[in-house]
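A.B. asks: Please read through the structure below; I'll follow up with questions.
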Amino acid sequence: MDESLIAGLLSAQDGVLSRRQVLARGGDDNDIERKLRRREWSTIHPGVYVNHTGLPTGGQLAWAAVLYHWPAALAGRSALDAHRLRGPRQLRSADAEVCVAIDATRSVGRRRGVRVRRLAGLADRALMHLSPPRLRLEDALLDLASGAGDESGAVAVLADACQEGRTTPRRLLGALKRHPKLRRRRLIHEILGDVSSGAYSVLERRYLTRVERPHGLPTAKRQRKAVMGKGPGYRDVEYLGLRTIVELDGRLGHEWTSERWDDLDRDIASAVGDRLTLRIGWRQVLEPCRLAASVWRILLARGSRLSPHGCSPTCPVARISVENPAPGAGRSTTIS
């Protein structure tokens, strides 16, 4: 066994190597047994070793999972860790397992502490030359977003990566084309395609059909032309007579662009005119009942005479109707 080659390999792989790699460098099972007997190495998985006898680090567990399932690459949360992307706070400690991807044509046994994803065309989605090998950043983000616990978690995965400047919605859309059967693909495509939050965007339609109508909110004026800040513009949603404006912002990152400064100018101009601006994004609209309850409380405080109603017996808006019976309850009125 060439000790110098083995030392170089251990250095490159965070102290972890496999039996296959030892054999490729002139070693044999006797050499491995001698290292284990002398306690220079210890076993993490069958045929995968680390060069000490203490507890392996997170990085060593990641390498061990990749080598045990070779050819494989880190996926999901494990891939984002390798890319040094922090990710959403709620997902950072939720998964103690190492997640690896293998090609869909293979089948492997289950190992404790390792989650295996079978992906078609792994070679095109992974960066096998990196240390350790991992999915491309966009593929890893989509993988994690598709497996998030709820829709808002999926948004958080994508939004945080864009906010940190590590990727863009355009690049994520390009990667999405490689995932025709991805879970939540339609939602993710809508989110990424709605980046600019233009007139009559997907986000606006969702606010209308999932927040406003099912909960009996007043009928608002949409895309109403108004003088805002330094010039004319269009308000996404305005509850006339209630001095309340809803601006629906579908952008994922919170870049300090000229558009963002313009948004703040418009909010200030609205406040000067005694109008409250609610700036709402994907994460809020994906929790429609919770958002509707908040908007309803604001509208009631600002003079709405309508009676709110929940979309189901457990909807939080139903409690508002009981707590705050509005005069003229039961009448359908358009605020104009």
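A.B. asks: Kindly indicate whether residue 41 is under 19 Å from residue 132 (Cα atoms) and aromatic (Phe, Trp, Tyr).
C.D. replies: Here the answer is no, as residue 41 does not meet what is asked.
A.B. asks: Something else about it: Of all residues in segment 105-141, which are in contact with a His (Cβ under 6 Å, 6 or more places away or on another chain) and either closer than 16 Å to residue 183 by Cβ or not in a loop (DSSP other than H, G, I, E, B) (or both)?
C.D. replies: Passing the criteria: only 137.
A.B. asks: Next question, about the same structure. Residues to consider are 157, 108, 98; find the one that is under 30 Å from residue 48 (Cα atoms) and touching a helix residue (DSSP H, G or I) at 6+ places or on another chain (Cβ under 8 Å).
C.D. replies: Unique residue meeting the criteria: 98.
A.B. asks: Within segment 235-250, restricting attention to residues that are charged (D, E, K, R), assigned to a strand (DSSP E or B) and modelled with pLDDT under 90, which residue is nearest to residue 225 (Cα to Cα)?
C.D. replies: So, considering only residues that are charged (D, E, K, R), assigned to a strand (DSSP E or B) and modelled with pLDDT under 90, the one nearest to residue 225 (Cα to Cα) is 235.
A.B. asks: Only one of 328, 303 is over 30 Å from the mean Cα position of the chain (by Cα) and modelled with pLDDT under 85; which?
C.D. replies: One residue alone meets the criteria, 328.
A.B. asks: Being surrounded by fewer than 23 Cβ atoms within 10 Å (Cβ to Cβ) and either under 18 Å from the mean Cα position of the chain (by Cα) or charged (D, E, K, R) (or both): is that true of residue 77 here?
C.D. replies: Judged against the criteria, residue 77 is not a match.
A.B. asks: So, one more: Between 106, 84, which is within 16 Å of residue 140 (Cβ to Cβ), exposed (fewer than 14 other Cβ atoms within 10 Å of the Cβ) and in the same structural domain as residue 133 (by TED's automatic domain parsing)?
C.D. replies: 84
A.B. asks: Find all pairs meeting these conditions: Cβ atoms under 6 angstrom apart; at least six residues apart or on different chains; first residue within segment 182-201 and under 24 Å from residue 237 (Cα atoms); second residue at pLDDT 80 or above and surrounded by fewer than 18 Cβ atoms within 10 Å (Cβ to Cβ).
C.D. replies: What qualifies is 192/173.
A.B. asks: Within the group 50, 98, 22, 16, which residue is assigned by TED's automatic domain parsing to the domain that holds residue 165 and buried (at least 21 other Cβ atoms within 10 Å of the Cβ)?
C.D. replies: The conditions single out 98.
A.B. asks: May I ask you to verify whether residue 253 is among the small types (Gly, Ala, Ser), modelled with pLDDT of 80 or more and surrounded by 14 or more Cβ atoms within 10 Å (Cβ to Cβ)?
C.D. replies: no
A.B. asks: Starting from segment 117-130, keep only residues that are closer than 11 Å to residue 101 by Cα, then list their pairs with residues that are part of a helix (DSSP H, G or I) whose Cβ atoms are within a distance under 6 Å, requiring at least 6 positions of separation or different chains.
C.D. replies: Taking only residues 6 or more apart or on different chains, the pairs are 125/139.
A.B. asks: Follow-up. Quick one: is residue 161 farther than 28 Å from residue 64 by Cα, surrounded by 16 or more Cβ atoms within 10 Å (Cβ to Cβ) and modelled with pLDDT under 85?
C.D. replies: No, not satisfied.
A.B. asks: While we're looking at this one, here's another question. I'm checking my understanding of the structure. Among residues of segment 186-211 that are of a type in the set (A, V, I, L, M, F, W, C) and in contact with a helix residue (DSSP H, G or I) (Cβ under 8 Å, 6 or more places away or on another chain), which one is modelled with the lowest pLDDT?
C.D. replies: If we take residues in segment 186-211 being of a type in the set (A, V, I, L, M, F, W, C) and in contact with a helix residue (DSSP H, G or I) (Cβ under 8 Å, 6 or more places away or on another chain), then 195 is modelled with the lowest pLDDT.
A.B. asks: Here are some residues: 218, 214. Which one is touching a Cys at 6+ places or on another chain (Cβ under 7 Å) and modelled with pLDDT of 90 or more?
C.D. replies: The unique qualifying residue is 214.
A.B. asks: Also, quick follow-up: Only residues that are out of contact with any helix residue (DSSP H, G or I) (no Cβ under 6 Å at 6 or more places or on another chain), free of Cβ contacts under 8 Å to residues at least 40 places away in the same chain and either within 15 Å of residue 12 (Cα to Cα) or among the basic types (Lys, Arg) (or both): list them for segment 41-62, please.
C.D. replies: Listed by number, the list holds a single entry, 49.
A.B. asks: Within segment 294-316, track down each residue that is small (Gly, Ala, Ser) and in contact (Cβ under 8 Å) with a residue 40 or more places away in the chain.
C.D. replies: The answer is 303, 304, 307, 310.
A.B. asks: Could you check segment 102-125 and list, in sequence order, the residues that are over 19 Å from residue 43 (Cα atoms) and among the small types (Gly, Ala, Ser)?
C.D. replies: Listed by number, the residues that qualify are 104, 107, 120, 121, 123.
The values are calculated or read from the model by the stated rules, or taken from the named source; none is laboratory data. Keep in mind that this is a model prediction, so the values were computed, not measured. Reconstructed Cβ throughout: ideal geometry from the backbone, glycine too, with neighbour counts over all protein chains shown.
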